[in-house]
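Worksheet for the structure shown next.
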Ligand code: NAD
């Protein structure tokens, strides 16, 4: 079993760290939030007073932070823990961040003789709790193989996308497509309702027709069509609009850098940012359906 430092114990990082503890790893955790730390301490993780203390002597250093600036700050900036990380350690950043920041962190750590991979995840809080996340890894093949020791205890699908940064690129391509599917499914369902159809019947028809997609199968955005999804629970839980808007911003930045044409992604970002600015940032991303609903009056 390995000695693991885990930094960032929020909605995702908390349950991921707990799964490592359950698998028998010696986990030392650090988060700026005392409440987040208390939750993993109850489950058997050791708690460090600083990030530098957490990473000292760790074989694996895992981070799960909000955005690129936090990851840069942790490893190379004001928290600057690189000097405390063992040269034999493997650093695994699981946050969803821009590929450039991932490459900067990778290069900065590499210059100090420390191995790094980016390993963003898909599967949400449910997947983090169940240990069924998909990890999309960028980095050297040997580092990917080594990471399986810990990633296998937090997820069930492990992909090697390419060099450092490639995990982030694959992740935002996926989320851009997901947002487009969610918007398209929402407007189609509402158009059916506006024309007298039952959204459940229409969903069943499209599921067996060429419009079939992941959102219809597992995450129907129309309330009360499907049980146990955020749309049937006031759009609570799941994957927040704030995070989808962030990921679509990352997708657009990547598209500009590579001069890619992504008209659907750009439109989805505009819709999600408008939805966010209307006060829906904390709702699940399937709440974009509300944009198309016909209001009374
Ligand atoms: P969160 O806000 O719940 O957790 C982030 C945690 O990081 C917080 O506990 C915060 O206190 C801590 N933190 C921030 N800066 C820190 C620092 N410098 N040192 C130590 N701790 C610090 O966010 P989350 O939902 O857990 O998401 C984390 C990452 O996972 C994001 O990049 C997000 O895009 C990605 N992600 C989230 C989901 C999801 O469904 N929530 C799904 C896939 C990927």
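Rule-based calculations on the coordinates, nothing more; no lab input. None of these values were measured; they are calculated from a predicted model. With ideal geometry, Cβ positions are generated from the backbone for all residues, glycine too; neighbour counts draw on all protein chains shown.
What is the Cα centroid distance between the range 45-118 and the range 146-161, reported in whole angstrom?
18
Is the C-alpha gyration tensor of the chain telling us rounded, prolate or oblate? Criteria: a/c under 1.5 is rounded; beyond that, a/b larger than b/c is prolate, otherwise oblate.
It comes out prolate by the Cα gyration axes.
Across the range 169-292, what fraction of all alpha-carbon pairs, as a whole percent, falls in each successive 5 Å bin from zero upward?
Final binned percentages: 2, 12, 21, 23, 19, 13, 6, 2, 1.
For the range 16-57, just say rounded, prolate or oblate: build the C-alpha gyration tensor, square-root its eigenvalues into a ≥ b ≥ c, call rounded for a/c under 1.5, and beyond that prolate if a/b exceeds b/c, oblate if not.
oblate
Rounded to the nearest 10 degrees, what's the angle between the helix 141-151 long axis and the longest principal axis of the chain, both from Cα atoms, 0 to 90?
80
For helix 13-22, report the angle its Cα long axis makes with the longest principal axis of the Cα atoms of the chain; keep it between 0 and 90° and round to the nearest 10°.
The angle comes out at about 60 degrees.
How big is the Rg/Rh ratio for the range 1-77, C-alpha atoms only, Rh by Kirkwood, two decimals?
Using only Cα positions, Rg/Rh for the range 1-77 is 0.93.
Please list 45-52, 252-259 highest first by mean number of surrounding beta-carbon atoms within 10 Å per residue.
45-52, 252-259
Over all pairs of distinct alpha carbons, what does the Kirkwood formula give as the hydrodynamic radius of the range 124-172, in Å?
10.9
Which angle from 0 to 90°, rounded to the nearest 10, does the C-alpha axis of helix 241-257 make with the longest principal axis of the chain?
The two axes meet at around 80 degrees.
The range 94-205: D in µm²/s via Stokes-Einstein (Kirkwood Rh, Cα pairs, 20 °C, 1.002 mPa s)?
It comes out at roughly 135 µm²/s.
According to the square roots a ≥ b ≥ c of the eigenvalues of the Cα gyration tensor, what is the shape class of the range 3-162, taking rounded for a/c under 1.5, prolate for a/b larger than b/c otherwise, and oblate for the remainder?
rounded
Could you let me know the centre-to-centre spacing of the range 168-214 and the range 236-265, using Cα atoms, in angstrom?
A separation of 18 Å, based on Cα centres.
Using the 10 angstrom Cβ neighbour count as an exposure proxy, how do 76, 151, 32 rank, fewest first?
In increasing order of surrounding Cβ atoms, one gets 32, 76, 151.
Quickly estimate the mean residue ellipticity at 222 nm for the chain, helices only: each DSSP H run with n ≥ 4 gives -39500 (n - 2.57), and the total goes over all residues, rounded to 500.
-14000 deg cm²/dmol
Just rank 209, 33, fewest to most, by other beta-carbon atoms within 10 angstrom.
Starting with the residue having the fewest Cβ neighbours, the order is 209, 33.
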